[in-house]
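Take a look at the structure set out below.
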Amino acid sequence: MRWLTTGAVVVCALLLVALVYGLPPQPDRPAGGSNQRQAETVPVIFTAAPVYVSLAALHGEERFPEGAQLMVLRGGQTRLLVLGFAATADASVSFDAQTVLFAGKKNAGDPWEIWEVSAEGGAPQLVLRGTTDLIRPLWMPDGRMVLARRERDGFALEAVGLDGSGAVRLSYLPGNFVPDDVLRDGRVLFESGFPLGSGATPEMFLVYADGSGVESVRCDHGAAREHGRQMVSGDIVFAHGERLARFTSALAEEAAVAAPAGEYAGDVAEMPDGRWLVAARKPGAKHFGLGAWKPGAAAVTVIVQDAERDLIEPVVVVPRAVPNRHPSGLHDWTVGNLLALDARLSRSGALAEEPAAVRAEALGGDGKVVALGTTPVEKDGSFFVQAAGDRPLRFILLDAAGHTLREEHGWFWVRRGEQRICVGCHTGPERAPENRVPQVLLRTTTPADMTGGAAGAATAGGR
Amino acid sequence: MRRRVTMVAVVAAALCLVLLWQPGMVRVSAQLSTPPEERYASPLEVLLSPDGARLYVLCQGADEVRVLDAATGRVLRTISVGHLPRGFSFSPDGARLFVVNSWDDTVTVIDTQSGRVKATWAAGFEPSSVVEDRPGKLLYVADRIGNNVTVLDAATGEEKTTLAAGRGASYLTMSADGSRLYATHVYPNATPHRTPPKSEITIIDPAQARVVGRMMLPDIAGVFHVALSRDGRLGVAAELHPKNLVPMAHVEHGWVFGNTLTVFGADVGRSVEVPLDELDRYYALPFGVAITPDKSRIYVTHGGSDCVTVIDTKKMLAYIRAHPEPFAEDLSASANYVEARVAVGKNPRGLVLSRDGGRLFVANRLDDTISVLSTRENRVTQTIKLVGPDKVSPLRRGEQTFYAAKYAFQGHFGCSNCHIDSTFDGLQWDLEPDGFGKDIVDNRLLEDLRGTEPFKWNGGNPSIAIECGPRTEMYFWRSQTFDDLTLADLVLYIRHLPLRPNRWRAADGALTPAQERGRAIFHRTVDKLGQPIPEGNRCAYCHSGPKGTNQKSFDVGTGKWTDNSGVLDTPQLMNVALTAPYLHDGSAKSLEEIWTVYNPHDRHGRTNDLTKDELNDLIEYLRTR
């Protein structure tokens, strides 16, 4: 009887520890196996990897240097999603939950390629063959996907049909750009270094499905943010260092997520009952396991973990809303038009003096900076320029003597045929435009030519 | 022979199938010929009886006031009123209910005890709101088309005086102590071309029947309900802050509209514009406003976003005090004072709080329901379904689409943002595809459009289906939008928007002498010097036919340096008196300016031989069109 009481106390204590500290310690297990702690009613697919370097792709490197395998947890059993592959990762479930896209290496020496398999399993089909690595495929509306393609300058974003047709490059800077999610408004959420492409701090950005409108999700830069996904609420939840944080519609800065102590890998999936499926590990623990967390709860409930492998990139196999398709309004031009409403405005504060002119620069293929020209800034801070599309650009504000007043943190691009307006120089997405005609448009409707000779095919005719 | 007949029959059947299979256009034309005529309740405004027991619902679609048990939603009484009622209010003693009928230009006076109509009085042009003064002597009526507030004798209905208000005077609210009457306006006042719009809140002293102030609302175009706190120290008006002067290159970052409040009164010390939107989500068409008796919360309906915003007044006032500079363009501001967004029915409009502030009743115009919110829980606790057709007709679906903001990127705005109550907004817009700063276009009235094709000022769109389909998706919504069926319903709705009654034309069609003289000028073939006017330079040539357009495009010399082409579609003339400013870019502030400022070489008709009086006659005639 006494041993029964003692046993009950121990069980209660263990439960209490689990509740307070979240994920329990990793048990010793044979390599390659996974230890499931709680049966889930919906199937879950995740990547299992002995070594996971979450930011490797942002440096053009391999995230899974010792391989990876997609696993499916269904009906309380964990098994390989596909058989006969040297490596598989990056599962993306179709909106009807019938099909899974993934990156896979059939043979160890192959590049990562894009494959498709039924959510029920079975024989995978090659979707997109790569001569270089193709990773992180994500479903888009209208039977298209977005992925990262390894190129000479790093991983580039690309949208392409599942049959390989209609490929559109979405990023036009050197650097690495890795898709994280397709938001319900149709934009692609991706991560790269800040400043865009060139910086060392991982940051989250947005771009339309035709490569236009690239911008930071929020402009409270500085924190390392990675692996974001949009939740049903519309919030974007991501890993901020080891913690979770979120962008909400209402706030211009990230908000903390009060998740239990631990290290989180991002890529949070939302289950139909509202719980979050997180890849997390206790401080000091070697590997990430998968747990379910009800926002507001004190602990993460372990779902599955593996003593030898990180379990990351979870996705839930349930139907979900199809994002809106982006109807591209790009004109049939080789150039883009850029209008600044008031270049004096910036989150960086007031300028030392009024800007007299703006200089545009491009980044050549050889990495050298090319001056594209200088044009006056109007008294109200407006300027209107035409620049070559699909190449790195930046603006530098000058005083009357031609000295630099302020320059952009990094490079950005304008798509061919894109017409884009900024409220100011780095004002942040929280700043809506004032309703006034910019002075430059009262003087001329012809943009200053800063195309570097690419303006020949430009036109601004009506459509 | 039989085989040939069979083959012909098969081919014919196949053709029929193909025709039936065609999405969009074919269905559109089929539906156009037989528009359904369902009579929906379309609740627009709600009032509670002074004892709080009965809920009065102004059913605009049914031309009725329905009296419901406020606790159960049971219908107690139905009272027929005039056509298209738009506003109603009780007399201070609660004995009478006044209803303004916007298409009849009348006021219906109802005895609340018996529920009987006691009188029907004449009002101004398109009466839209009505309030009786505290002593019960004068009745104030806001006239949307008349742009004024008409003052009637509250006993007889006799017109006592007319007060000049702003443009589109539509909503009246009396302060709790009865000392001030506030009028808001759905259209902006005239401002110089390509400058920000400006509206006003006209402040009236009801004791003297005199305008005592005009609170200017810079940057604001459409203002809807205004509410005053019980202590009179806080006023709140719901409004639209358009971005029509900035090229509409994209939608994100509040690019097309701001949905805001103007907050004023002693608690604020000045009038302040307070944004309601967020960075990635918009709350379109703020319409109704209510302040709780303890002033702790403000409720705003959003007709385009199908929800109610709940504002913590204390937090809002603290934010205002902490931010002396304007912050209307800061999409992150609302996080500091918005407490909740509560989903309600389709196109929520008027709202009323129970006396204790515990319940909020919201009229959902486009699904015939009343949402009842618990203000303690910020959730809908009851939905009252009004009696009406169970089936949603294609026309009704089209109207729902017209008012919904969900089709635009991030739910930013809907058709009705620019076409206020399915009309126009009095603004000029800089659309992106024509080039930045180019082809500035005046917004045109959407009434009785059949026979006025093509659309757009350059005549580039042959049909509404094309205007509202891919073009709208690409350059307005900037997001995936209507499917074929939804588009067909929308086109059906727009094509069947009726022409409102012309207020300047006699019921029997007879013209006044001035109108008759103007008609002669309009149709003349010889100028005052006896010279023949070339056919193409006569008013009646381009502006021919019953709708005043020959549906062709011409260069009449009105193009500007910012235009890609001077060749412009001939606009229709129906109800032209309502739609200032004029010309394709809205550069002419009045009809007169079309000829006195923008027709120096007689290319837009021979008019330079006319005297001022003769131009006035011409204007008098045009007003009858």
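The values are calculated or read from the model by the stated rules, or taken from the named source; none is laboratory data. From a predicted model like this one, the values you see are computed outputs, not experimental measurements. Cβ atoms come from the backbone with ideal geometry, glycine included; neighbour counts cover every protein chain shown.
Looking only at the stretch B:596-618, decide whether some residue is in a loop (DSSP other than H, G, I, E, B), in contact with a strand residue (DSSP E or B) (Cβ under 6 Å, 6 or more places away or on another chain) and in contact (Cβ under 8 Å) with a residue 24 or more places away in the chain. So far as the stretch B:596-618 goes, yes, one or more of its residues are in a loop (DSSP other than H, G, I, E, B), in contact with a strand residue (DSSP E or B) (Cβ under 6 Å, 6 or more places away or on another chain) and in contact (Cβ under 8 Å) with a residue 24 or more places away in the chain. Scanning the stretch B:336-387 for residues that are surrounded by fewer than 19 Cβ atoms within 10 Å (Cβ to Cβ), within 14 Å of another protein chain (Cβ to nearest Cβ) and of a type in the set (A, V, I, L, M, F, W, C) turns up B:Ala340, B:Ala343. Only residues that are touching a residue at least 24 places away in the same chain (Cβ under 8 Å) and either surrounded by 14 or more Cβ atoms within 10 Å (Cβ to Cβ) or of a type in the set (Phe, Trp, Tyr) (or both) were counted in the stretch A:76-103, giving 19. Within the stretch B:301-335, the set of residues being more than 12 Å from chain A (Cβ to nearest Cβ) and aliphatic (A, V, I, L, M) comprises B:Val308, B:Val310, B:Ile311, B:Met316, B:Leu317, B:Ala318, B:Ile320, B:Ala322. Among the residues examined, A:Val127 does not qualify as within 30 Å of B:Glu278 (Cβ to Cβ) and either among the hydroxyl-bearing types (Ser, Thr, Tyr) or at pLDDT 95 or above (or both). Of the listed requirements (1) within 9 Å of another protein chain (Cβ to nearest Cβ); (2) surrounded by 24 or more Cβ atoms within 10 Å (Cβ to Cβ), B:Glu239 misses just one: (1).
So that you can scan it fast, the table gives a plain yes or no per residue for (1) touching a Phe, Trp or Tyr at 6+ places or on another chain (Cβ under 7 Å); (2) within 12 Å of another protein chain (Cβ to nearest Cβ):
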{"site": "A:Ile312", "(1), (2)": "yes, no"}
{"site": "A:Ser328", "(1), (2)": "no, yes"}
{"site": "A:Arg344", "(1), (2)": "no, no"}
{"site": "A:Asp366", "(1), (2)": "no, no"}
{"site": "A:Val370", "(1), (2)": "no, no"}
{"site": "A:Ala387", "(1), (2)": "no, no"}
{"site": "A:Glu407", "(1), (2)": "no, no"}
{"site": "A:Gly410", "(1), (2)": "no, no"}
{"site": "A:Arg415", "(1), (2)": "no, no"}
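Considered as a group, the residues in the stretch A:428-445 that are within 9 Å of another protein chain (Cβ to nearest Cβ) and polar (S, T, N, Q) include one that is farthest from the chain's Cα centre (by Cα), and that residue is A:Thr444.
If the condition is being farther than 15 Å from B:Arg495 by Cα, part of a loop (DSSP other than H, G, I, E, B) and more than 11 Å from every other protein chain (Cβ to nearest Cβ), then the stretch B:429-456 contributes only B:Asn443.
Filtering the stretch A:417-427 to residues that are farther than 17 Å from A:Val207 by Cα and within 14 Å of another protein chain (Cβ to nearest Cβ) leaves A:Val423, A:Gly424, A:Thr427. Among strands (runs of 3 or more DSSP E) entirely within the stretch A:139-191, having at least 2 residues that are without any contact (Cβ under 8 Å) to a residue 40 or more places away in the chain and among the small types (Gly, Ala, Ser) singles out A:154-161. Exactly one residue out of B:Gly258, B:Gly235 is farther than 24 Å from B:Pro192 by Cβ and not assigned by TED's automatic domain parsing to the domain that holds B:Tyr171, and it is B:Gly235.
In this structure, B:Thr369 does not qualify as over 30 Å from B:Tyr493 (Cα atoms) and in contact (Cβ under 8 Å) with a residue 24 or more places away in the chain. Checking each residue in the stretch B:284-298 for being assigned to a loop (DSSP other than H, G, I, E, B) and aliphatic (A, V, I, L, M) picks out B:Ala284, B:Leu285. Taking the criterion of being modelled with pLDDT of 95 or more, of a type in the set (S, T, N, Q) and farther than 30 Å from A:Pro438 by Cα, would at least one residue in the stretch B:176-189 satisfy it? Taking every residue of the stretch B:176-189 in turn, at least one turns out to be modelled with pLDDT of 95 or more, of a type in the set (S, T, N, Q) and farther than 30 Å from A:Pro438 by Cα. Within the stretch B:298-309, the set of residues being buried (at least 23 other Cβ atoms within 10 Å of the Cβ) and closer than 24 Å to B:Gly358 by Cβ comprises B:Ile298, B:Tyr299, B:Val300, B:Thr301, B:His302, B:Asp306, B:Val308, B:Thr309.
Per the listing A:Ser92, A:Ser54, the residue uniquely within 25 Å of A:Glu270 (Cβ to Cβ), assigned to a loop (DSSP other than H, G, I, E, B) and at pLDDT 90 or above is A:Ser54. Of the strands (runs of 3 or more DSSP E) lying entirely inside the stretch A:212-251, those containing at least 2 residues that are away from chain B (no Cβ under 13 Å) and touching an Asp or Glu at 6+ places or on another chain (Cβ under 6 Å) are A:225-230. Can you tell me which residue in the stretch B:244-300 is nearest to A:Asp185 (Cα to Cα), limited to those that are of a type in the set (Lys, Arg) and away from chain A (no Cβ under 14 Å)? For the stretch B:244-300, the residue satisfying everything is B:Arg297. Answer yes or no as to whether A:Glu120 is in the same structural domain as A:Arg152 (by TED's automatic domain parsing), part of a loop (DSSP other than H, G, I, E, B), surrounded by 16 or more Cβ atoms within 10 Å (Cβ to Cβ) and modelled with pLDDT under 95. So A:Glu120 fails the test. With respect to being of a type outside the set (Ser, Thr, Tyr), surrounded by 20 or more Cβ atoms within 10 Å (Cβ to Cβ) and either under 17 Å from A:Pro295 (Cα atoms) or without any contact (Cβ under 8 Å) to a residue 12 or more places away in the chain (or both), A:Ala245 fits the description. Of the residues making up the stretch B:39-94, those that are aliphatic (A, V, I, L, M) and free of Cβ contacts under 8 Å to residues at least 60 places away in the same chain are B:Ala53, B:Val65, B:Val67, B:Ala71, B:Leu76, B:Ile79, B:Val81, B:Leu84. For the stretch B:201-219, the criterion of being over 30 Å from B:Val342 (Cβ atoms), under 20 Å from the mean Cα position of the chain (by Cα), more than 10 Å from chain A (Cβ to nearest Cβ) and buried (at least 22 other Cβ atoms within 10 Å of the Cβ) is met by at least one residue. Restricting attention to the stretch A:192-211, the residues being in a loop (DSSP other than H, G, I, E, B) and free of Cβ contacts under 8 Å to residues at least 60 places away in the same chain number 1. Tell me which residues, restricted to the stretch A:263-317, are closer than 16 Å to A:Met71 by Cα, in a loop (DSSP other than H, G, I, E, B) and among the aliphatic types (A, V, I, L, M). Those that are closer than 16 Å to A:Met71 by Cα, in a loop (DSSP other than H, G, I, E, B) and among the aliphatic types (A, V, I, L, M): A:Ala307, A:Val317. Residues in the stretch A:341-361 include at least one that is closer than 26 Å to A:Gly186 by Cβ, modelled with pLDDT of 95 or more and outside the structural domain of A:Asp142 (by TED's automatic domain parsing). In this structure, is B:His412 within 14 Å of another protein chain (Cβ to nearest Cβ) and either of a type in the set (Val, Ile, Thr) or in contact (Cβ under 8 Å) with a residue 24 or more places away in the chain (or both)? Considered against the rule, which asks whether it is within 14 Å of another protein chain (Cβ to nearest Cβ) and either of a type in the set (Val, Ile, Thr) or in contact (Cβ under 8 Å) with a residue 24 or more places away in the chain (or both), B:His412 comes out as yes.
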